[in-house]
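S.K.: Have a look at the structure that comes next, please.
The values are calculated or read from the model by the stated rules, or taken from the named source; none is laboratory data. Treat the numbers as computed from the prediction; the structure is a model and nothing was measured. FYI the Cβ positions are ideal-geometry reconstructions off the backbone, even for glycines, and counts take in every protein chain you see. With ligands, DNA and RNA removed, areas are computed over all heavy atoms of the protein, side chains included. Shrake-Rupley method; radii C 1.70, N 1.55, O 1.52, S 1.80 Å.
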There are 2 protein chains.
Amino acid sequence: MSSSTEPLLNTGEMDSNMDPTRKQSLDVMDSDTEDKLVDETNIEELVKELPQATDRTVQFLDNLLAVLPNRWRNWIVRTIFTLLMVGSFGLIIYWGPLPLMIVTLLVQVKCFQEIISIGYSVYRVHGLPWFRSLSWYMLIASNYFFYGESLVDYISFFYKNMNFIKPLLTYHRFISFSLYVVGFIWFVLSLVKKYYLRQFSLFAWTHVTLLIVVTQSYLIIQNMFEGLIWFIVPVSMIVINDVMAYLFGFFFGKTPLIKLSPKKTWEGFIGGGLATVVLGMIISHVLCQYEFFICPIEYYDTADWTFRCEPSKLFQLTEYELPEALRLIFKVTGLPQTYMMYPFVLHSLALSLFSSIIGPFGGFFASGFKRAFKIKDFGDVIPGHGGLVDRFDCQYLMASFVNVYISSFIRAPNPAKIIHMIHQLKPEDQVNVFNLLSEYLNSTMTGV
Amino acid sequence: MSSSTEPLLNTGEMDSNMDPTRKQSLDVMDSDTEDKLVDETNIEELVKELPQATDRTVQFLDNLLAVLPNRWRNWIVRTIFTLLMVGSFGLIIYWGPLPLMIVTLLVQVKCFQEIISIGYSVYRVHGLPWFRSLSWYMLIASNYFFYGESLVDYISFFYKNMNFIKPLLTYHRFISFSLYVVGFIWFVLSLVKKYYLRQFSLFAWTHVTLLIVVTQSYLIIQNMFEGLIWFIVPVSMIVINDVMAYLFGFFFGKTPLIKLSPKKTWEGFIGGGLATVVLGMIISHVLCQYEFFICPIEYYDTADWTFRCEPSKLFQLTEYELPEALRLIFKVTGLPQTYMMYPFVLHSLALSLFSSIIGPFGGFFASGFKRAFKIKDFGDVIPGHGGLVDRFDCQYLMASFVNVYISSFIRAPNPAKIIHMIHQLKPEDQVNVFNLLSEYLNSTMTGV
């Protein structure tokens with residue numbers, strides 16, 4: 001590998017401004033600090049230091065399982081830690097919405113760290129200490145922005161009369177933007193000639209990671225605000241789909257599904273999909289019966305840590321007639337023609353179809369990414385599973401879908417929010433709205 | 001350069017799934033198709049084909065100017081095309097808001113093309129035709145999303161009773177998300193083993209470009225909706241700052257400002273800044289007097305292409321007292337103690353300070369980017385200036401600032417929008433809001 005001996009920009013106009021000693025310094029630049037990016041010839045060398053340990057097991061488990069063949073050992077470790085994770089998930093839900101949000105934040109931070117670490121190894125910027133600080137600064141700034149945006153709603157519901165918070169809410173966006181601009185200027189000032197290419201690459205890497213991790217974990221929080229069921233059902237569906245696809249693939253898998261993930265099979269894909277639809281409906285039906293899961297977060301009473309609300313239409317048992325096509329069959333077999341069901345259970349069908357058909361593409365994407373950088377896992381925090389990103393790859397895509405689904409098909413303008421907006425108007429505008437509304441109601445509802 | 005002879009993932013578990021012929025294919029891979037990214041040793045070779053022509057002039061101008069020394073020739077070409085651009089900008093403003101929005105869109109598309117072309121050259125994916133289509137598909141999808149988001153407001157003002165548009169507005173976000181998911185799946189399915197690294201890099205490149213270009217041109221459109229003054233004043237400030245910094249630097253420049261842009265000087269920075277503040281206030285004062293510039297877009301009457309509105313407080317002459325510190329000096333010199341001014345002119349101070357202090361960092365960032373990839377310009381569409389991105393680098397940062405500034409300090413909840421939201425409620429909720437509001441007004445305004 002030879003270093004470039006060209007000046008940065010070779011136009012006559014620029015040359016007059018160039019210090020000749022700077023040209024010299026390029027000539028003597030040693031190949032280790034040369035400004036180059038990723039090269040297939042050395043990428044495995046670069047990522048060597050990343051934690052990689054799907055086969056790592058806790059020591060005492062390892063000894064216990066030593067007698068079993070490799071395939072079964074991995075199976076058992078994976079199962080134990082799947083159950084552990086599902087158990088802890090249940091426990092955190094039991095603790096209520098605030099711990100859930102904190103855990104979401106922690107998962108986000110760990111995912112960010114795992115993805116950013118790959119960037120550091122690949123672009124070898126260990127010699128540029130500012131870069132690590134800059135990435136974390138950007139993480140904090142973007143979290144302040146996004147979590148702030150959801151907390152604005154939350155806080156304004158609970159502390160309607162706390163005037164000292166008002167400037168923090170009103171100027172929240174301005175403060176966030178200022179934080180970002182500081183990071184941006186910091187980046188520009190930290191640019192070092194030798195490293196331009198790597199610094200810009202890593203800056204882009206940071207932004208894409210923030211886009212994936214922070215914006216989508218913000219969407220998760222937003223979903224929770226609509227009622228915990230909008231968080232628990234989708235998360236469970238992805239877990240069920242993962243586990244069931246693994247089981248169906250393990251026992252019946254024959255036909256490879258996609259080159260990117262050679263372990264995935266059509267049998268796993270289809271079996272997992274069917275299981276997700278059925279189990280998703282059952283879980284939805286059960287959760288629909290508890291106020292804890294169906295009440296939007298503004299009905300959470302922090303005095304005794306419970307939810308109290310009138311269930312919306314979505315969570316009231318409704319009579320549904322069978323579709324035309326099935327009526328005859330059911331008539332012949334003597335089964336009833338109408339069924340009582342929560343409307344949410346029908347919506348759960350859309351969610352389970354997305355999680356089992358489109359969801360796996362989040363996994364394929366992560367697979368391809370790992371192959372591009374020749375790593376086996378994103379990290380080693382969960383024995384038998386790898387890093388957090390390895391487990392949460394599809395969750396983020398799912399969360400975006402749920403968020404869009406809610407905003408398109410579920411959420412209606414909220415009277416409480418409208419009243420809150422009117423309170424912020426100038427007195428004369430409040431009277432104005434009142435008069436317009438009274439006029440409108442008189443004209444449209446002469447029968448009421 | 002030697003090709004890697006390692007399998008993609010070298011763990012025992014994976015190896016069993018690996019086709020031995022695929023390992024072989026890696027061995028015989030020729031270095032031209034090798035999956036490597038950017039390397040300083042060949043980056044100049046890669047970007048050679050990009051249009052680069054700051055020194056290019058229109059042929060007849062070239063002949064005319066042949067007698068002049070190089071430095072002056074460039075100066076004159078640059079001046080002619082600056083004046084041409086400022087003139088066309090004025091003409092487009094005269095045509096009204098719709099042509100302005102279309103031009104904003106066209107500028108955005110051209111900027112996208114310029115940045116994306118650099119990615120293509122650098123990652124040499126000419127052999128992967130899907131990639132070019134995928135990037136443009138993403139551009140269309142994200143524009144549909146963002147322009148749709150602003151048009152939702154716009155359309156709902158003008159076509160309040162056109163029910164057939166309603167589903168398009170209500171499901172706009174869902175349609176956009178579906179378009180994105182299609183692009184995402186398309187990307188995953190288009191992954192080709194040899195090119196993983198380059199494909200992921202270019203996918204990230206596309207996303208960062210969309211983030212810079214599309215989201216920020218959406219913010220520009222949003223600013224226009226608040227009144228054309230929020231678009232024209234910031235754009236003019238950046239132009240003034242660019243031109244004035246160039247002039248001050250050209251005539252008085254001595255002290256270099258930043259290594260990234262060796263032609264920039266402290267003299268230009270300070271002179272340009274002062275000129276921006278002064279000229280910004282003058283332009284603001286003039287524009288404040290015309291309804292065409294100050295009325296929000298919902299007061300645009302498409303019947304006779306004019307704006308008609310009651311100027312808000314921001315655009316009404318208001319008496320201001322001098323700050324304490326200046327009072328004595330003004331008293332001694334016999335100047336008046338109070339002045340009539342539009343409040344907007346005071347806000348213009350914040351804008352001009354941002355555009356002259358922070359704005360240039362947008363330019364430094366673009367400079368650093370060009371140096372990282374060893375290109376002189378982003379394109380060659382404007383003789384004497386380079387590509388569109390070379391001229392619009394600071395405009396995008398400025399537009400974000402203006403947007404945040406408006407949402408933090410200017411925009412108040414809008415009675416018309418609130419009434420529109422109430423109309424979308426269910427009848428019983430409308431009555432509910434009415435009762436709550438009537439109660440609230442009775443309790444707070446017993447004096448009105």
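S.K.: Name every residue in the stretch B:321-354 that is among the aromatic types (F, W, Y) and surrounded by 15 or more Cβ atoms within 10 Å (Cβ to Cβ), in order of residue number.
M.R.: Within the stretch B:321-354, B:Y342, B:F344, B:F354 meet the criteria.
S.K.: Also, quick follow-up: What are the pairs, 6+ residues apart or on separate chains, where a residue within the stretch B:180-207 that is at the interface with another protein chain (Cβ under 7 Å from one of its Cβ atoms) has its Cβ under 7 Å from a residue that is of a type in the set (K, R) and assigned to a helix (DSSP H, G or I)?
M.R.: B:Y196/A:R371
Residues checked against (1) within 29 Å of B:L257 (Cα to Cα); (2) of a type in the set (S, T, N, Q):
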{"position": "B:A275", "(1), (2)": "yes, no"}
{"position": "B:G280", "(1), (2)": "yes, no"}
{"position": "B:L287", "(1), (2)": "no, no"}
{"position": "B:L335", "(1), (2)": "no, no"}
{"position": "B:T338", "(1), (2)": "no, yes"}
{"position": "B:H347", "(1), (2)": "yes, no"}
{"position": "B:L351", "(1), (2)": "yes, no"}
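S.K.: Right, here's the next one. What number of residues in the stretch A:282-317 are open to solvent by 60 Å² or more (accessible area, probe 1.4 Å) and either farther than 12 Å from A:G227 by Cα or assigned to a helix (DSSP H, G or I) (or both)?
M.R.: 14
S.K.: Quick check on this structure: which one of A:I418, A:I375, A:I406 is open to solvent by less than 20 Å² (accessible area, probe 1.4 Å), at pLDDT below 80 and of a type in the set (V, I, T)?
M.R.: Answer to the check: A:I418.
S.K.: Let me ask you something else. Looking only at the stretch A:121-136, count every residue that is free of Cβ contacts under 8 Å to residues at least 40 places away in the same chain and open to solvent by 60 Å² or more (accessible area, probe 1.4 Å) and tell me the total.
M.R.: Counting residues in the stretch A:121-136 that are free of Cβ contacts under 8 Å to residues at least 40 places away in the same chain and open to solvent by 60 Å² or more (accessible area, probe 1.4 Å) gives 4.
S.K.: Still on this structure, please answer the following. Take the stretch B:70-120 and flag every residue that is open to solvent by less than 30 Å² (accessible area, probe 1.4 Å) and farther than 18 Å from B:D380 by Cα.
M.R.: B:I92, B:I93, B:G96, B:P97, B:L100, B:M101, B:T104
S.K.: Inspect all residues belonging to the stretch B:337-348 and state whether any of them is at positive phi and within 14 Å of chain A (Cβ to nearest Cβ).
M.R.: no
S.K.: Using the structure shown, decide if B:I220 is among the β-branched types (V, I, T), in the same structural domain as B:L287 (by TED's automatic domain parsing) and out of contact with any Cys (no Cβ under 9 Å at 6 or more places or on another chain).
M.R.: yes
S.K.: Please verify whether B:Y440 is within 11 Å of chain A (Cβ to nearest Cβ), of a type in the set (S, T, Y) and assigned to a helix (DSSP H, G or I), treating the condition exactly as stated.
M.R.: yes
S.K.: Enumerate the pairs (first residue in the stretch B:402-421 and assigned by TED's automatic domain parsing to the domain that holds B:W230 and among the polar types (S, T, N, Q); second residue anywhere and open to solvent by less than 20 Å² (accessible area, probe 1.4 Å) and modelled with pLDDT of 75 or more) with beta-carbon separation below 6 Å, excluding pairs fewer than 6 apart on the same chain, so at least 6 apart or on different chains.
M.R.: B:N403/B:N223
S.K.: Which one of B:G227, B:G272 is out of contact with any Pro (no Cβ under 6 Å at 6 or more places or on another chain) and away from chain A (no Cβ under 14 Å)?
M.R.: B:G272
S.K.: Go through (1) touching a residue at least 24 places away in the same chain (Cβ under 8 Å); (2) open to solvent by less than 40 Å² (accessible area, probe 1.4 Å); (3) more than 7 Å from chain A (Cβ to nearest Cβ) for B:F364 and report which single condition fails.
M.R.: Here B:F364 meets the rest and fails (3).
S.K.: A:L349 fails exactly one of the following numbered conditions: (1) farther than 30 Å from A:G387 by Cβ; (2) not in a helix (DSSP H, G or I). What is the number of that condition?
M.R.: Result: A:L349 fails condition (2) only.
S.K.: For residues that are within 26 Å of B:L353 (Cα to Cα) and open to solvent by less than 20 Å² (accessible area, probe 1.4 Å), scanning just the stretch B:378-394, find the one that is modelled with the lowest pLDDT.
M.R.: Only one residue tops the list, namely B:H385.
S.K.: From A:V77, A:V152, which residue is assigned by TED's automatic domain parsing to the domain that holds A:V243 and either part of a helix (DSSP H, G or I) or modelled with pLDDT of 90 or more (or both)?
M.R.: Unique residue meeting the criteria: A:V77.
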